[in-house]
Amino acid sequence: MNRFLFSTIDVSRQVFYHTAQTFAIVNLKPILPGHILVSPRRVVPRLADLEPGELADLMHSVQHVGKVIETAYKAEGLTIACQDGPAAGQTVPHVHFHLLPRKMAGDPFEGHNDEIYPALEHAEESLPKQLLVVEAKDRDPRTRAEPIKMDADEDRKPRSLEDMEREANWLKELFAKS
């Protein structure tokens with residue numbers, strides 16, 4: 001089985017789509033149903049650190065995954081966001097795009113769409129600190145992470161690995177059909 005790292009975190013069981021250079025995972029604490037992440041396989045902190053081929057594959061994957069996610073969650077649009085660097089709110093030092101399926105009616109952010117962006121900032125802080133503990137021998141000195149802050153939003157509980165794996169398997173089936 002392929003091993004996929006999101007920064008220093010093994011997310012292999014959460015992966016539902018991948019190419020030679022990119023992967024997509026379900027989210028630990030989704031803001032909305034279907035909130036997923038698309039990331040390059042090579043761990044780099046910023047978009048500018050990607051090679052042109054990696055960037056092209058990443059953007060193609062965002063587009064392709066977005067189409068399937070939109071259909072799977074019966075959405076009418078997507079919020080696609082990338083926080084590129086700590087000054088932009090990025091707390092996980094690995095380039096990634098958030099894809100959030102959106103609806104015209106029934107969307108929790110309906111009527112105040114821009115409030116999804118502060119929610120994304122809090123989502124970046126949602127990974128438990130213990131997930132970042134990796135043996136020193138497994139760390140790449142170029143990608144050492146700063147500790148991730150805990151999410152202050154207690155209403156969004158982290159999902160179990162089993163729940164995330166179940167969603168990832170369902171999405172894998174959809175991609176096999178697309």
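The values are calculated or read from the model by the stated rules, or taken from the named source; none is laboratory data. Please read all numbers here as calculations on a predicted model, not as lab measurements. Cβ: placed from backbone, ideal geometry, glycine included. Neighbour counts: every protein chain shown.
Here are a few things to note about the model shown:
Here is a yes/no grid of residues against (1) farther than 23 Å from E76 by Cα; (2) modelled with pLDDT of 95 or more; (3) among the acidic types (D, E):
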residue	(1), (2), (3)
N2	yes, no, no
I9	yes, no, no
A24	no, yes, no
V38	no, yes, no
V44	yes, yes, no
D49	yes, yes, yes
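- Residue within segment 131-150 that is out of contact with any Phe, Trp or Tyr (no Cβ under 8 Å at 6 or more places or on another chain) and at pLDDT 50 or above present: no
- The criterion of at least 3 residues that are free of Cβ contacts under 8 Å to residues at least 40 places away in the same chain and of a type outside the set (D, E, K, R) is met by the following strands (runs of 3 or more DSSP E) wholly inside segment 7-125: 77-81.
- Applying the set (1) surrounded by 17 or more Cβ atoms within 10 Å (Cβ to Cβ); (2) under 18 Å from E167 (Cα atoms); (3) over 12 Å from the mean Cα position of the chain (by Cα) to K74 leaves exactly one unmet item: (1).
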